[in-house]
Amino acid sequence: MYRWCRGGRMRGIAPRSGRAGGSAVAVLAAFAWSGAVASAQRPTPAPDLGNGPVLLSAIAEAAVERNREIVDAEYELALANGQVSEAWSDFYPSVSLSSSYTRNVAPQVSFLPAQIFDPSAAQGDFIPIQFGADNIWNLSVNLEQTLMDPQVFVGVGAAARFRGLQREVLRGRTQQIVTRVRVAFYDLLLAQEEVRLTENSLKRVRRSLEETRAMEEAGVAEAYDVLRLEVELANLEPNLRRAENRLRAARRTLASELDLDPESEIEVAGELALMDLDDFAANSPGNRDILAFSGEVLAEEPDLELLLRRGRANRSDIRQLELTETLRRTELRIEQADYLPSLSAFGSYGLAAQQNGLPVFFGTSDQRGTTKQVGFRVSMPIFSGFRENARISQRQAALRQAETQTRLAADQAEIQLRNLVDEVREARSRTRGQRLAVSQARRGYEMASAQYREGLASQLELTDAEVALRQSEFNYAQAVYDYLATRARLDEAAGTVPLVDVAIDHGAGTGGDRG
């Protein structure tokens with residue numbers, strides 16, 4: 001937290017000495033800021049996860065409310081708001097009041113030449129004179145109003161730009177959190193899918209093993225067929241335990257984003273292996289919520305040119321760099337303004353009183369005196385040892401650095417967008433191929449299973465069909481995961497993140513005209 005003040009230096013928000021008016025406004029700003037912080041510090045209730053699967057939209061909304069990184073960015077914005085209020089305080093007059101009472105236990109004594117009072121006195125003789133009464137009162141009221149100070153005007157603009165930068169930081173942080181939550185949600189879905197598919201595979205193998213054992217007892221199957229299925233079952237059981245471990249790890253990651261207990265039993269709604277990207281209405285409610293959150297997920301091809309234009313205009317990291325560049329220009333103007341004069345008006349009122357004996361508050365009218373002053377003060381720097389020249393050179397270098405960083409980030413953002421569009425296209429194409437593979441593998445397993453029961457196919461053929469079905473189902477789930485996760489990163493790269501920049505349409509399956 002810093003503020004701009006005379007000389008272009010950045011200081012803390014503590015009030016400057018001798019500026020009671022600015023101090024009063026700063027105190028009011030501090031009260032307003034403390035209210036905002038107190039509001040942010042109020043504990044957010046835990047999201048209602050219920051007893052069943054939770055939708056992606058509900059998880060994302062809870063993350064926006066609870067994530068600690070977003071709360072941290074909100075604190076930074078509250079600090080920037082306080083800084084703007086403090087910068088405006090320099091436009092108001094400063095008023096200070098001071099008062100004192102002194103009891104002279106032993107008043108000061110000075111020695112004056114005796115010749116002052118008696119010309120005939122010998123040279124070198126002195127007479128002790130006591131100055132001051134037993135009781136002394138002083139009261140002063142001082143007022144100062146800035147009439148013209150270029151640094152004050154530029155400083156207010158700098159504070160406002162810093163606040164705008166912090167707003168954009170908050171937006172960018174929220175975009176990052178929503179994107180991370182989306183990917184964490186998909187990770188948990190994929191882990192759930194792996195557990196589900198492995199459990200389904202175990203059920204099929206156990207059923208085949210039971211049938212094969214019955215066939216062996218009837219003399220139709222051989223002991224080797226039973227042995228192969230037992231080996232297959234023994235290989236699948238550790239796979240299930242590994243899948244369950246990955247599921248628990250994905251739950252912990254998502255719980256961390258929601259500021260929940262890492263061991264929270266979060267179950268998310270959706271089935272990657274059953275998701276239909278070509279027909280929104282054919283999906284389950286959980287899958288429809290995922291597709292609606294992903295925007296125009298049914299589009300055949302992302303519009304690269306549209307995404308590039310939106311990325312240049314809306315991408316948060318580029319906007320932050322552009323705002324930083326503007327802030328650096330303002331800081332340069334603050335340093336240059338230090339060469340200009342400042343003008344202020346001032347006035348003061350003083351009251352003094354002295355009294356001997358017992359103290360009476362400010363004595364009588366014969367024991368009091370007043371002073372009144374008004375005037376103008378002009379201040380203009382003449383020479384400061386080339387300090388300002390050095391500071392201006394530093395600000396110019398910082399501005400050139402900010403401009404370079406902005407151009408570099410824009411070029412890197414365009415490359416990232418192009419790469420993500422290619423990845424989205426590849427993942428979308430892969431989902432179509434894997435969906436066909438699942439259909440064919442399921443049909444093959446059903447045929448092999450029927451033929452095996454009739455004695456027309458070997459146990460090896462049945463096992464191969466089961467393995468092919470399991471692998472194709474997981475490959476399709478993986479392809480859908482890759483597509484959704486890449487779309488989430490593409491939304492962030494284009495600066496149009498659902499729930500932050502784009503409203504969610506839960507009924508149509510599209511989120512506007514995003515490509």
The condition of being among the small types (Gly, Ala, Ser) and at pLDDT 90 or above holds, among Ser393, Ser365, Ser439, only for Ser393
Among residues of segment 431-466 being without any contact (Cβ under 8 Å) to a residue 12 or more places away in the chain and of a type in the set (A, V, I, L, M), the residue least open to solvent (accessible area, probe 1.4 Å) is Ala457
Per the filter on segment 415-429, residues without any contact (Cβ under 8 Å) to a residue 40 or more places away in the chain and under 10 Å from Pro302 (Cβ atoms) are Asp422
message: Checking the structure you have, find out if any residue of segment 80-89 is under 30 Å from Val181 (Cα atoms) and in contact (Cβ under 8 Å) with a residue 12 or more places away in the chain.
response: yes
- Query: Scanning for something assigned to a helix (DSSP H, G or I), at pLDDT 85 or above, out of contact with any strand residue (DSSP E or B) (no Cβ under 8 Å at 6 or more places or on another chain) and of a type in the set (S, T, N, Q), does segment 230-243 turn up at least one residue?
  - Reply: yes
Inset, instruction - Return yes when Arg328 is among the basic types (Lys, Arg), farther than 30 Å from Ala427 by Cα, modelled with pLDDT of 85 or more and crowded, with 18+ Cβ neighbours inside 10 Å and no when it is not. - result: yes
Flagged in segment 268-285 as surrounded by 19 or more Cβ atoms within 10 Å (Cβ to Cβ), farther than 12 Å from Phe185 by Cα and touching a residue at least 12 places away in the same chain (Cβ under 8 Å), in numbering order, are Ala273, Met275, Leu277
query = Going by the structure shown, is Leu490 open to solvent by less than 50 Å² (accessible area, probe 1.4 Å), under 21 Å from Gln412 (Cβ atoms) and at pLDDT 90 or above?
reply = yes
Per the list (1) touching a Ser or Thr at 6+ places or on another chain (Cβ under 8 Å); (2) more than 30 Å from Leu351 (Cα to Cα); (3) modelled with pLDDT of 90 or more; (4) not polar (S, T, N, Q), residue check on Ala32 breaks on (3)
- What about Gln412, is it assigned to a helix (DSSP H, G or I), closer than 30 Å to Asp303 by Cβ, open to solvent by 60 Å² or more (accessible area, probe 1.4 Å) and in contact (Cβ under 8 Å) with a residue 12 or more places away in the chain? no
Residue hits (segment 143-157; open to solvent by 40 Å² or more (accessible area, probe 1.4 Å) and assigned to a helix (DSSP H, G or I)) are Phe153
message = Scan segment 134-143 and tell me whether some residue there is in contact with a strand residue (DSSP E or B) (Cβ under 6 Å, 6 or more places away or on another chain), within 30 Å of Ala80 (Cα to Cα) and touching a residue at least 40 places away in the same chain (Cβ under 8 Å).
response = yes
Every listed condition ((1) touching a helix residue (DSSP H, G or I) at 6+ places or on another chain (Cβ under 6 Å); (2) modelled with pLDDT under 50; (3) open to solvent by less than 20 Å² (accessible area, probe 1.4 Å); (4) within 28 Å of Glu388 (Cβ to Cβ)) holds for Gly21 save (1)
Of the residues in segment 363-397 that are closer than 29 Å to Thr324 by Cα and open to solvent by 100 Å² or more (accessible area, probe 1.4 Å), the one that is farthest from the chain's Cα centre (by Cα) is Phe386
If you go through Val226, Val220, the only one that is farther than 30 Å from Val71 by Cβ, touching a helix residue (DSSP H, G or I) at 6+ places or on another chain (Cβ under 6 Å) and modelled with pLDDT under 85 is Val226
Within segment 108-133, residues touching a residue at least 12 places away in the same chain (Cβ under 8 Å) and surrounded by 13 or more Cβ atoms within 10 Å (Cβ to Cβ) come out as Pro113, Ala114, Phe126, Ile127, Gly132, Ala133
When Ile334 is run through (1) free of Cβ contacts under 8 Å to residues at least 60 places away in the same chain; (2) touching a helix residue (DSSP H, G or I) at 6+ places or on another chain (Cβ under 7 Å), the failure sits at (1)
Conditions (1) among the charged types (D, E, K, R); (2) more than 18 Å from Tyr452 (Cα to Cα); (3) surrounded by 14 or more Cβ atoms within 10 Å (Cβ to Cβ) -> Glu265 fails only (3)
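The values are calculated or read from the model by the stated rules, or taken from the named source; none is laboratory data. All of these numbers come straight from a predicted model, not from anything done at the bench. Virtual Cβ from ideal backbone geometry, glycine too; neighbours counted across all protein chains shown. Note: areas computed on protein heavy atoms with side chains; ligands, DNA, RNA excluded. Shrake-Rupley method; radii C 1.70, N 1.55, O 1.52, S 1.80 Å.
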